[in-house]
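Structure record follows, encoded as C-alpha cells.
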Amino acid sequence: MSITIWLALAACCVAGVYDVRTRRIPNVLTASLAATAAIVHAFYGWQSLAISLLVMAALMLAGAIVYARGGIGGGDVKLAVAASGMLSYPLFVPFLLYSAIGGGLLAIFFLAFKGDARAAFSRVALIAAGDVPSIAARRTTLPYAVAFAIGALAVALSQSIAPFLRILS
C-alpha cells in the first residue's frame, strides 16, 4: 500500500474527529494535505503531478457547485479535493463512491438516532412530487468527514487485505 493511501486515510480520520467534535474541518489540515499531495506526486513525475492537480481542480469546481446549493460544507469539499488529489487517478473514484456509501450510512444512523424521521420522509415525498425545496432548508448537518474517513479506509483495505473491495482494477 502506497504512502498516498496512508496520508489520505490519516488526514480523513483526523478530520473526522474534528468534524464530530466541532462540526468544522481545519483549513490547515486540508491545505497541508493538498500541498503534500502535490509534493508527493511531483516525486512520481510531472504526469502524476498533472493528473493529481487536474483531479483536484475538477473536484473543486464540482464541489463549489454543490456547496453553493447548500448540499455540503466548505470544509467537506476541501477535504474531498485534498484527499482525492492525494489518492489521484484511479483511486479517487472508489474513494468518492465509498464515501458516498459511508455518507448514506451516516445519514441513516443520524436519522435513526438523532433526527426527525417523519420530517425527513415528508421532504423526500415533496421532492418526489416535483416540489424541490432548497437543499439547505431546515437540515441537520452531518459530520461528513466521517464518511470520507470510511471511504479512505475502504480504499486502504481494498489495496491491502481486502482486494474483493476493489471497484477498479
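The values are calculated or read from the model by the stated rules, or taken from the named source; none is laboratory data. Since the structure is predicted, the reported quantities are computational estimates derived from the model, not experimental observations. All Cβ positions, glycine included, derive from the backbone under ideal geometry; neighbour counts span all protein chains shown. For accessibility, only protein heavy atoms count, side chains too; no ligands or nucleic acids. Shrake-Rupley method; radii C 1.70, N 1.55, O 1.52, S 1.80 Å.
Taking the stretch 77-90 as the range and being in contact (Cβ under 8 Å) with a residue 24 or more places away in the chain and open to solvent by less than 20 Å² (accessible area, probe 1.4 Å) as the test, the residues that pass are LEU79, ALA80, VAL81, ALA82, ALA83, SER84, GLY85, MET86, LEU87, SER88. Scan the stretch 25-63 residue by residue and report those that are aliphatic (A, V, I, L, M) and crowded, with 21+ Cβ neighbours inside 10 Å. Hits for the stretch 25-63 are ILE25, LEU33, ALA34, ALA37, VAL55, MET56.
Answer yes if at least one residue in the stretch 42-63 is closer than 16 Å to TYR144 by Cα, among the small types (Gly, Ala, Ser) and at pLDDT below 95, and no otherwise. Scanning the stretch 42-63 turns up at least one residue that is closer than 16 Å to TYR144 by Cα, among the small types (Gly, Ala, Ser) and at pLDDT below 95. Only one entry of ALA42, ALA31, ALA11 meets the criterion of being in a helix (DSSP H, G or I) and more than 16 Å from the chain's Cα centre (by Cα), and that entry is ALA42.
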